[in-house]
Structure formats: C-alpha cells, structure tokens
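Here's the structure we're looking at; comments come further down.
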Amino acid sequence: MLSVAYGQLIRVDPVLARQQLLKCHQEQAGGNISQTARLCGISRFTVRKYVQRYQAEGLAGLKNRSCRPHHCPQQTPDHIEDLVLLIFQQTNYGFRRIARQLKAHGVKLCYRTVGKILKRHGQVRPRKKLSIRRTGRRYYNPLDFKPFEFLQIDIKEVIDGDTLPTEVYVHLREMAKQGVPLYQFTPLDVRTRLRFLAYGQTKSFNNGWAFIIVVVLWLRAFGIKHRIILQSDWGDEFGGTQEKKLTTMNHLLAHLDAELTRIQKGRPEQNGHVERSHKTDDEEFYIPYGLGIEDINTLFLTAYSWLRYYNTKRPHGGDNLDGKTPLEYTKELMPHLNSNIALFPPLILDNLSSHAQWQGGKQVCEHYISCRRVHPLILPLIARCSFFRPLIFSAPSLLRRRRRTSRR
C-alpha cells in the first residue's frame, strides 16, 4: 500500500504518483489490477490505463495529456478568428464592442466567443475590477436618475506624457506655447453618457465657473426643466476646499435650479464615468488626430467633429445603452427633446471669463459672433448668457470683495 494516499500524491507530482502506483501493482498486488485498485483507492480503469501506457511508452506515458478534443465541428473558422484579432489590435476594443464590429461586417458572433478567441491567443490580460472600497457596493445607480439630472464634471490636461505618443506630446506642447488652450473641461450625463467639451488656457476658477454656468444654460435652453446636480472633484477650478466659495456658488446656481456637489475625499472612483471618458478621448481623439491641431480654429473644428461623433455615431456599452449612441438612448427616454442638444460647440472659456469686449455686458459671446465659422446653435445660448451675465461674474467678484474685507 502507498505510504501517501494516491489522491494526495498526484496533486503534488503526477509522474511520481503513477510510478508508485506501478510499484504497488508489481510488488504488493502481484500484477492483479483489482487488488491494486483496492490498495490505492482508485478505479480499475485508471490502473489498467497507466499500466498499458507504461508498457507502450515507458515514463513518457505517465505524464499528463491534453484533454482537448481531436475535432471541434463548432469551432470558429480561422478567417473569423483572424478578423477578431485584427480588430482588437487596431482598436483595443473589449469583447462586446468587437462583437458589434463583427456584426457590422455581417458576422454574428457572441461576445463570449470573442473573449475565448482572444484568451486562446494570449491577447487578454485578466483585469481587476475596482469597486467602492473593494466591497462591490455602487456609489449610485445611473438608472435612478433622469437624463441630465446628474452630471459629472472634470478637467483634463490634454498634454499627458503618460498616454500620448512622443511625437503627439511634443507637437501639443508647441501648440500650447503658441496659445492653443489645452485644458479640457468635460461634463458627462451619467444616465445617457452624453457629454460636452470646452477648453481653457488655465485651470482658473473663472474658467471653471463660466463653464458650469454655460453648461446649465445650454440644458435650460433645450427645455430641461428638472433640477440639475453637477458633481466635481476638489480642484481649485471648481471652488477647491473653501466651503464659503461653494456656498456662494450654490447660492447663485439656485437661480437656475442647479446645485454643485463634491465627491468624497479619497474616492476618485465616484467621478469614474467622466474620468473613463477622458481615456476614450486619448485613445480615439488626441492620439490619432492630435498632430492635426495647428491653431485654435483647427482645435475647435476637430473637437467639434469628435464630440459630434461621440454623441451621435459612436455606439456605447454602458448601463442599458446596449450598443446605442448617447443621443439614441436620450431620444428613447425623452422623445420630444431636440436632437441638437448633442451638438454643443467646444467653447474657449477664457473668452467668456476675461475677454475685454465683454466689459459692457451686451455681447457676452462677441468672440463667437465675429468668427467666420459660427455654430448656429450658439445663438439661443448667447441670448441667455447676456441675460445671466451677472451670474457668470458675480461669484469671482464677491469672493474678491470678501478677501479685501478680511485683509483690512
């Protein structure tokens, strides 16, 4: 009888376990298969199999063999597997998006099959899914909100050396020296994934405040009547850590039935939707098209084309979108909403917050009126900005007044 149970020994060293099995078969059982099976606590079929393999192949017959079938009639054809690998290498898409791309090529393939193909070819690394404190809890459920009821806002530095290729990074640095604004301000609706873009020369509070007001006014101009909540991080461009500043901003936003909230400190994942959209900006906008940005005009046109594609053409795989575009999903929830809400022009916030032509207060968007390429949807926003100009400039002026008083 084996000194160590066969079932325990085979987990440590399969070849050694089978050698001991053969030794027991010859010395203790006298070549009797049934007796060997009783002594080792295994089936007669297992004893007979390894005795025959050892007689035919020697020690090589005691090694583990692959359980893969010799013929797989349902296996995906090679040319489709090659197409899956080609799409993955060109786009770095996930399983579901590759399956949708294949469907556009006339190939119907389950996304689970796509995942198995990529894993079989070693193209996928297991990813650890991070959750709130790794407990699996969700900070909120996007499906609980109405469209444009809860928006995440954040700022992105376009010149990011960790994500951009060297030639794009160097080119954008040169463009920034020439005055091209490369701080991107982004709001994203967590329910529909519809988002807008704006740019600024600096991450100043004036730009952040003007950005918040313009976003709220844009939504109000298209008939969004319910309360709007905007969530930001603790950056200085959105008020920083000063509670008085946040109180003043919310006092002024109350005139528009809106509110600015903050994520909890140390919980960047609570702003995860807009942060993830910044990764998409890098992969599908700045990396392939960053070299084409030569001045403010090309930045405006390229960013507007990207935003239009993102909102109206690009399929998404978020909660309940199931391959729909953000605009298509928004129209399902609000059929009477004007589709032009997705065509927000990428504003230059410095022109809103500090342009000398706006001292009189009558032409808040004079810069965009004087441009040759004027987006037609900016006109109703101009009228509202002219009416609400005190909201744009009152918060910075009130805060400056408080500082002077405190210094005295």
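Filter the range 108-143 down to the residues that are assigned to a loop (DSSP other than H, G, I, E, B), closer than 24 Å to residue 283 by Cβ and at pLDDT 70 or above and list them by number.
109, 121, 122, 123, 124
Restricting the range 33-51 to residues that are more than 60 Å from the chain's Cα centre (by Cα) and free of Cβ contacts under 8 Å to residues at least 12 places away in the same chain leaves a set whose member that is surrounded by the most Cβ atoms within 10 Å (Cβ to Cβ) is 35. Total residues in the range 260-283 satisfying the condition of being surrounded by fewer than 16 Cβ atoms within 10 Å (Cβ to Cβ), of a type outside the set (Lys, Arg) and without any contact (Cβ under 8 Å) to a residue 40 or more places away in the chain: the figure is 5. Scanning the range 14-32 for residues that are more than 59 Å from the chain's Cα centre (by Cα), part of a helix (DSSP H, G or I), surrounded by fewer than 16 Cβ atoms within 10 Å (Cβ to Cβ) and not polar (S, T, N, Q) yields 23, 27.
Scanning the range 96-112 for residues that are over 14 Å from residue 81 (Cα atoms) and either touching a strand residue (DSSP E or B) at 6+ places or on another chain (Cβ under 7 Å) or aromatic (Phe, Trp, Tyr) (or both) yields nothing. Out of all the residues in the range 206-242, which are at positive phi and either part of a strand (DSSP E or B) or modelled with pLDDT of 90 or more (or both)? Hit for the range 206-242 is 223, nothing else.
For the range 292-334, the candidate set comprises residues that are assigned to a helix (DSSP H, G or I) and basic (Lys, Arg); within that set, the residue that is surrounded by the fewest Cβ atoms within 10 Å (Cβ to Cβ) is 308.
Under the condition of being touching an Asp or Glu at 6+ places or on another chain (Cβ under 9 Å) and part of a loop (DSSP other than H, G, I, E, B), the residues counted in the range 144-189 number 13.
Filtered by the rule that a residue be of a type in the set (A, V, I, L, M, F, W, C) and in a helix (DSSP H, G or I), the range 41-64 gives 45, 47, 51, 56, 59, 60, 62.
The values are calculated or read from the model by the stated rules, or taken from the named source; none is laboratory data. Bear in mind the structure is a predicted one, so any value in this text is a computation, not a measurement. Positions of Cβ are backbone-derived with ideal geometry, glycine not excepted, and every protein chain shown enters the neighbour counts.
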